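Structure, as structure tokens:
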Amino acid sequence: DVKVTQSSRYLVKRTGEKVFLECVQDMDHENMFWYRQDPGLGLRLIYFSYDVKMKEKGDIPEGYSVSREKKERFSLILESASTNQTSMYLCASSFSSPPYGYTFGSGTRLTVV
Amino acid sequence: AQSVTQPDIHITVSEGASLELRCNYSYGATPYLFWYVQSPGQGLQLLLKYFSGDTLVQGIKGFEAEFKRSQSSFNLRKPSVHWSDAAEYFCAVGSILSNSGNEKLTFGTGTRLTIIP
């Protein structure tokens, strides 16, 4: 089975801290994605990557950046965490040829205080 | 641009009763359609998908969905729900990005399912 592993299930950070969320997949997927999930808003795409060292903005990229130095790893970076970034963050990956859909990690619940 | 509407925010059904969750999509071409389930505190798990062929699609856990082009719908059904089906369900439509050929999914806002004994 494809596994998408997110390094932390729960994180608590202080306002202004730099936060790294890590995601690793083990099935050689070309594509990787970061979403945030908030009640009533569903899943919103932050950033995605179709190849190593490549990134594209999603629907809500403000306040975030990403890094993909290796094919299996996709990191989400909050440069200066704010309380409105408290959320569930979901990483996903997929093959480049559709229609496979995405495989999701278990999520990281981030609280910024 | 594609979009997905799940009109029911929350549905409650009795254990053993039948279930139908609604999903309507907007997309100019033939869509790829997906249903995912999310148990509390977990990520999303793929239940089933449609991309061509038979419009009635079978998935895991006894779920099925029917693609109706004329109604732009892809409703999820289960004939008899179990307490373990309590979760949040997301419908998604996939589109192909013209500049890369890659797939991008757009998700609905989800339907929370509660099961009562």
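Things to note:
- Failed item, numbered, when B:P7 is tested on (1) part of a loop (DSSP other than H, G, I, E, B); (2) within 13 Å of the chain's Cα centre (by Cα); (3) farther than 16 Å from B:T106 by Cα: (3)
- Members of the stretch B:54-103 found to be under 21 Å from A:Y35 (Cβ atoms) and within 15 Å of the chain's Cα centre (by Cα), listed by number: B:F74, B:L76, B:A87, B:E88, B:Y89, B:F90, B:C91, B:A92, B:V93, B:G94
- Candidate set: the stretch A:28-38, residues that are under 19 Å from A:D51 (Cα atoms) and within 14 Å of chain B (Cβ to nearest Cβ); chosen: the one surrounded by the fewest Cβ atoms within 10 Å (Cβ to Cβ): A:E30
- Selected residue [touching a strand residue (DSSP E or B) at 6+ places or on another chain (Cβ under 6 Å) and within 12 Å of chain A (Cβ to nearest Cβ)] from B:Q42, B:Q38: B:Q38
- Any strands (runs of 3 or more DSSP E) falling wholly within the stretch B:55-117 and containing at least 1 residues that are closer than 30 Å to A:D51 by Cβ and more than 9 Å from every other protein chain (Cβ to nearest Cβ): B:87-96
- Which numbered condition A:V12 fails, given (1) surrounded by 13 or more Cβ atoms within 10 Å (Cβ to Cβ); (2) more than 14 Å from chain B (Cβ to nearest Cβ): (1)
- Qualifying residue in the stretch B:63-71 (condition: modelled with pLDDT of 95 or more and closer than 30 Å to A:S87 by Cα): yes
- Hits in the stretch A:63-113 (condition: more than 14 Å from chain B (Cβ to nearest Cβ), within 18 Å of A:F20 (Cβ to Cβ), touching a residue at least 24 places away in the same chain (Cβ under 8 Å) and among the basic types (K, R)): A:R68, A:R73
- Candidate set from the stretch A:1-57 (those that are free of Cβ contacts under 8 Å to residues at least 12 places away in the same chain and out of contact with any Phe, Trp or Tyr (no Cβ under 8 Å at 6 or more places or on another chain)); member that is nearest to A:G105 (Cα to Cα): A:D1
- Looking only at the stretch A:42-62, and only at residues there that are within 25 Å of A:G16 (Cα to Cα) and touching a Ser or Thr at 6+ places or on another chain (Cβ under 8 Å), the one that is surrounded by the fewest Cβ atoms within 10 Å (Cβ to Cβ): A:E56
- Residues in the stretch B:76-95 that are farther than 9 Å from B:I115 by Cβ, surrounded by 14 or more Cβ atoms within 10 Å (Cβ to Cβ) and not acidic (D, E): B:L76, B:R77, B:K78, B:A87, B:Y89, B:F90, B:C91, B:A92, B:V93, B:G94, B:S95.
- Residue identified as over 23 Å from A:K3 (Cα atoms), in contact (Cβ under 8 Å) with a residue 12 or more places away in the chain and out of contact with any Lys or Arg (no Cβ under 6 Å at 6 or more places or on another chain) among B:A92, B:A86: B:A86
- Looking at the stretch A:7-103, the strands (runs of 3 or more DSSP E) lying wholly inside it that each contain 3 or more residues that are over 28 Å from B:C91 (Cβ atoms) sit at A:10-13, A:19-25, A:64-70, A:73-78.
- Count - residues of the stretch B:23-44 that are free of Cβ contacts under 8 Å to residues at least 60 places away in the same chain, surrounded by 12 or more Cβ atoms within 10 Å (Cβ to Cβ) and of a type outside the set (S, T, Y): 6
- Hey, A:G101 of a type outside the set (D, E, K, R), crowded, with 21+ Cβ neighbours inside 10 Å and within 24 Å of B:V37 (Cβ to Cβ) or not: yes
The values are calculated or read from the model by the stated rules, or taken from the named source; none is laboratory data. Keep in mind that this is a model prediction, so the values were computed, not measured. No Cβ is skipped: glycine too gets one built from the backbone with ideal geometry, and neighbour counts run over all protein chains shown.
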